[in-house]
Amino acid sequence: MKGGLVVALSGGVGGAKLALGLSRVLPAQELLIVANTGDDFEHLGLSISPDIDTLSYVLAGLDNPVTGWGRRDETWSFMETIGALGGADWFRLGDRDLALHVERTRRLKAGETLSQVTADLSRRLGTATRVLPMSDDRVRTRVRSDSGWIDFQDYFVRQQCRPIVRELAFDGADKARAQPDIIAALKGGKVRAVVICPSNPFISIEPILAVPGMREAIAACGAPVVAVSPIVGGRAVKGPTAKMMQELGLVVSSASVAKRYRDLLTGYIVDEADAEGIPGKVHIASTLMTTLAEKEALARTVLTFADTLA
């Protein structure tokens, strides 16, 4: 495989699987992961960054393989106590996880940027791969349901995706500045590929692309842009992707996801079960990633395919 920088756009659980695979087959200096921060919110006075934390935990080997989120070997004394006291316990924060949020909040209030905090905490967790937030400015995903607008985590966690999704908005995105190191990397002329991980296109990838300058910098970087479909056999591998697509009037298919990125894509990777009806340069591969070997194999497939498109 040739060298050069791989820039991967990722949300949380689904995208983190491919991000881990890429981190295992690439030198640390050749991978930059751009994390969605539209899911970020404030809870119990703390600044929570779910997708950044999932990526950091997965890359550091600290993730919980059962839940897919949070840390392994977690304890829950804090949540048990706050629930007994009548506090909000709908968003589960384990004791080890809680320490990270407390420290992040302290540093942000002291004037550090989210990028600075993320870089240092990732290093302390044992992650060599660079994870950068899409922006250091506040962007918040909002969901319009039949009952009106609600915050994303209210929809996703507290109401467990039950409300019908009529519209999505990314508050603050129009005024946000793309994280400068990401733009500098894309404009640096040394990008081997841009990889769109198999994350929910609506709530994980589109918030990243909504930040002014991000989509343009990707399109102009001169490198192939390859996406991996989050749909396998007409179903979402993880999360509410399929439900959202149905409620937004879209066919649940890899082809529908490809249309969301059509102005950017050079190539598209889909599972064997989803090859029909997709225009352009498509590569068929097994996209289910259950084992570490499968994550590494798909990462190699993505890179090899991207290299053929350069």
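The table for this structure:
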{"quantity": "Nearest-ten-degree value, helix 50-59 long axis tilted from longest Cα axis of the chain", "calculated": "70 degrees"}
{"quantity": "In Hz, Karplus ³J(HN,Hα) per residue of segment 163-168 (6.51, -1.76, 1.60; θ = phi - 60°; x = Gly, Pro)", "calculated": "x, 6, 8, 9, 6, 10"}
{"quantity": "Degrees between helix 95-109 axis and first principal axis of the chain (Cα, 0 to 90, nearest 10)", "calculated": "90 degrees"}
{"quantity": "Share, in percent, of DSSP beta bridges within the chain that are antiparallel, nearest 5", "calculated": "40 percent"}
{"quantity": "Relative contact order of the chain, defined on C-alpha pairs under 8 angstrom at six or more residues apart (%)", "calculated": "21 percent"}
{"quantity": "Formal net charge of residues neighbouring ALA306 (Cβ-Cβ distance under 14 Å; K, R +1; D, E -1)", "calculated": "+2"}
{"quantity": "Anchor LYS2: lysines whose Cα lies under 23 Å away (excluding residues fewer than 8 positions away in-chain)", "calculated": "LYS17, LYS187, LYS190, LYS281, LYS295"}
{"quantity": "Amide H contacts under 5 Å for SER145, placed H, 5+ residues apart", "calculated": "ILE150, ARG166"}
{"quantity": "By average C-beta atoms within 10 angstrom, highest first, the peptides 137-148, 252-263", "calculated": "252-263, 137-148"}
{"quantity": "Between helix 292-309 and the chain: long-axis angle, C-alpha atoms, 0 to 90°, nearest 10", "calculated": "40 degrees"}
{"quantity": "Highest to lowest packing among 84-94, 296-306, 47-57, scored as the average C-beta count within 10 Å", "calculated": "47-57, 296-306, 84-94"}
{"quantity": "Over the chain: helical MRE at 222 nm, DSSP H runs n ≥ 4 each giving -39500 (n - 2.57), nearest 500", "calculated": "-10500 deg cm²/dmol"}
{"quantity": "Top positive-direction residue, dipole computed over segment 103-170 with Cβ charges, set GLY126, ALA169, GLN159", "calculated": "GLY126"}
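Coordinate-derived values only; no laboratory data. The structure presented is a predicted model; accordingly, all values stated were derived computationally and were not measured. With ideal geometry, Cβ positions are generated from the backbone for all residues, glycine too; neighbour counts draw on all protein chains shown.
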